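To keep things clear, I will list the structure first and then write my remarks on it.
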Amino acid sequence: MAYEFSAQDNELFDTMSKSSRRMARAGTALALLLAAGGLAGVLLPPPHLPRGVAPAVGALTLLGALPAGWAARHLDAASKSIGLVASTEGHDVPHVADAVGRLRDAFNALAVMLLVDGVVVAAVVAMLFPRGA
Amino acid sequence: MSDGKGYEFSAEHDALFAALGGALGRASLGLAALALLFVALSAEAWHSLWFNGPVGAFFGVLALAGVVLAMVLGHTAWSLSRARRSVLAVGQTTGHDVGHVLDAMRTLRDTLRRLEAAAVAVTALVVIAYLAHHGRHG
């Protein structure tokens, strides 16, 4: 059975699509920053940090860039499917289903990214500030 | 706004919504855990500021950034949890599938909008922390 969302619903999908696209761009920028920061930590470790700390955190940060880029890619694809719900007629339900699948992939990637980020932050908490200094 | 009364998504679509609900739940848990870690990081930074005095200003700004980030992450975790409930309701209930989808989309859109604002705020705080760090080291 075909179902068409109303004009007001389409406005919601349109704004959701735009927000998703902007966050996908922010996610791509974050992935690039993480990759650059991670590489800097591995290749140019700051001399004032204990030996081995910067390369270890750098490697984890580099690892964190992968799911961030992956999530951004899926969020961008989801934004296109969500945009199609608003801008086309006759295939709203398949577009919603496609968007839901893409959002699932994006949030799964986000969960992996958060796991890596959690390990990085826990490492910083444990290693860099063991006595609050 | 249409309530889509009567329209039911297929079992295949329900499975997709259930999978999205699972992903939202995992992301929400991850965000909550990360928020707690940032609270710990901020506590350590405040501790450094307390014992080092003005030279610990860098850690003070870092602590403030950590607290702001923890609040944003905690609120986002709560929003994703709300979106998860709406998404799971699509498969678990009958008669209001479209309404639940629209609720979930609205919550996700609002979450993304808040994250955009938070990204700008956190970037500003990181720049301030960087400037404070350079001021401290000359």
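The values are calculated or read from the model by the stated rules, or taken from the named source; none is laboratory data. None of these values were measured; they are calculated from a predicted model. Cβ coordinates were reconstructed from backbone atoms using ideal geometry, including for glycine residues, and neighbour counts include every protein chain displayed.
Given the options B:15, B:63, B:77, B:27, name the one that is farther than 20 Å from residue A:27 by Cβ and in contact with a helix residue (DSSP H, G or I) (Cβ under 7 Å, 6 or more places away or on another chain). If you could, list the steps in order and put the result at the bottom.
Working: B:15 fails: in contact with a helix residue (DSSP H, G or I) (Cβ under 7 Å, 6 or more places away or on another chain); B:77 fails: farther than 20 Å from residue A:27 by Cβ; B:27 fails: farther than 20 Å from residue A:27 by Cβ.
The match here is B:63.
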Name every residue in segment B:8-27 that is within 7 Å of chain A (Cβ to nearest Cβ) and of a type in the set (A, V, I, L, M, F, W, C), in order of residue number.
B:16, B:17, B:19, B:20, B:23, B:24, B:27
Assuming residue A:109 fulfils every condition listed in (1) farther than 19 Å from residue B:33 by Cβ; (2) hydrophobic (A, V, I, L, M, F, W, C); (3) in contact with a Pro (Cβ under 6 Å, 6 or more places away or on another chain) apart from one, which condition is it?
(1)
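Determine whether residue A:121 is touching a helix residue (DSSP H, G or I) at 6+ places or on another chain (Cβ under 8 Å), closer than 19 Å to residue B:104 by Cα, surrounded by 18 or more Cβ atoms within 10 Å (Cβ to Cβ) and free of Cβ contacts under 8 Å to residues at least 40 places away in the same chain. Reasoning before the result, please.
Values: touching a helix residue (DSSP H, G or I) at 6+ places or on another chain (Cβ under 8 Å): yes; closer than 19 Å to residue B:104 by Cα: no; surrounded by 18 or more Cβ atoms within 10 Å (Cβ to Cβ): yes; free of Cβ contacts under 8 Å to residues at least 40 places away in the same chain: yes.
No: the conditions fail for residue A:121.
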Pairs, first more than 7 Å from chain B (Cβ to nearest Cβ) in segment A:88-115, second among the acidic types (Asp, Glu) and in a helix (DSSP H, G or I), C-beta under 9 Å, six or more apart
A:92/A:9; A:102/A:76; A:106/A:76
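Of all residues in segment A:78-91, how many are under 22 Å from residue A:24 (Cβ atoms) and surrounded by fewer than 22 Cβ atoms within 10 Å (Cβ to Cβ)? Spell out how you get there, then give the answer.
Restricting attention to segment A:78-91, the residues satisfying the condition of being under 22 Å from residue A:24 (Cβ atoms) are A:78-88.
Next cut, surrounded by fewer than 22 Cβ atoms within 10 Å (Cβ to Cβ) only: A:80-81, A:83-84, A:86-88.
The qualifying residues number 7.
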Residue A:96 fails exactly one of (1) at pLDDT 90 or above; (2) under 16 Å from the mean Cα position of the chain (by Cα), namely (2)
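Kindly indicate whether any position in segment A:67-76 is under 21 Å from residue B:20 (Cα atoms), away from chain B (no Cβ under 14 Å) and either in contact (Cβ under 8 Å) with a residue 60 or more places away in the chain or surrounded by 15 or more Cβ atoms within 10 Å (Cβ to Cβ) (or both). Even if it seems obvious, please write down each step before you answer.
Taking segment A:67-76 first, the residues under 21 Å from residue B:20 (Cα atoms) are A:67-76.
Adding the requirement that they be away from chain B (no Cβ under 14 Å) leaves A:69, A:73.
Subset that is either in contact (Cβ under 8 Å) with a residue 60 or more places away in the chain or surrounded by 15 or more Cβ atoms within 10 Å (Cβ to Cβ) (or both): A:69, A:73.
Yes - at least one qualifying residue is present in segment A:67-76.
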